[in-house]
1. Would you mind getting me the FRET efficiency between Val47 and Arg94? Use the beta-carbon distance for r and R0 = 25 Å, nearest 0.05.
2. Only Cα pairs under 8 Å and at least 6 apart count here; give the relative contact order of the range 2-159 as a rounded whole percent.
3. Each residue of the range 54-68 in order: what ³J(HN,Hα) in whole Hz does its phi give by Karplus 6.51 cos²θ - 1.76 cosθ + 1.60, θ = phi - 60°, with x for Gly and Pro?
4. Can you give the convex hull volume of the alpha carbon atoms of the range 1-72 per residue, in Å³?
5. Thr140 to His128: extension gain in nm, 0.36 nm per residue of separation minus the Cα-Cα distance?
6. Can you sort Lys148, Lys15 from fewest to most other Cβ atoms within 10 Å of each residue's own Cβ?
Amino acid sequence: MLDRFNRLAPEAAEKALLACCASPGWAARVAAARPYPTPADLVVAGVNAFDELGWSDLLQVLAAHPRIGQRPTGDGTEAAWSRHEQVAVEGSARELAEANEAYERRFGHLFLVFSTGRSADDIVAEAHSRLGNDDETEQTVVRGELRKIVELRLERLAESAEAA
């Protein structure tokens, strides 16, 4: 619960937050602003801090994400959440791998989309559609997709009894 998160040692709070957004500076900033009176306060603070991240920070966050369609490894919170978020894309490995590869060649970083509630076909179509974006437009799209993921994960963290 949120009360448990608020009582964590700073290092433990930062570790829990890194599962939401793999930016050490972001995690330190959000952890330092505790205690949060409500889950909504944590989400708002985390999203506001996310909105201040620069593109180099976002590339670091992207590098921590598994490719869509690739089973996340490890047993940590971020891996578990990624597996849950990508459940709908299982079974479309070849199409997703091809879309990921084309996107990475075009933009030089991981393809990322908020996949919760989306089918593999939707995600492959999204990747192909975004290949037509210019770099600036795609950076804006990536920021928006990451923001949705961070917000969802912060909500889960605030509700989780396993924040420690």
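Please treat every number below as a calculation from the coordinates, not as lab data. Keep in mind it's a predicted model, so treat the numbers as computed, not measured. FYI the Cβ positions are ideal-geometry reconstructions off the backbone, even for glycines, and counts take in every protein chain you see.
1. 0.10
2. 29 percent
3. x, 4, 4, 5, 5, 5, 5, 5, 4, 4, 7, 7, x, 5, 5
4. 99 Å³
5. 2.7 nm
6. Lys148, Lys15
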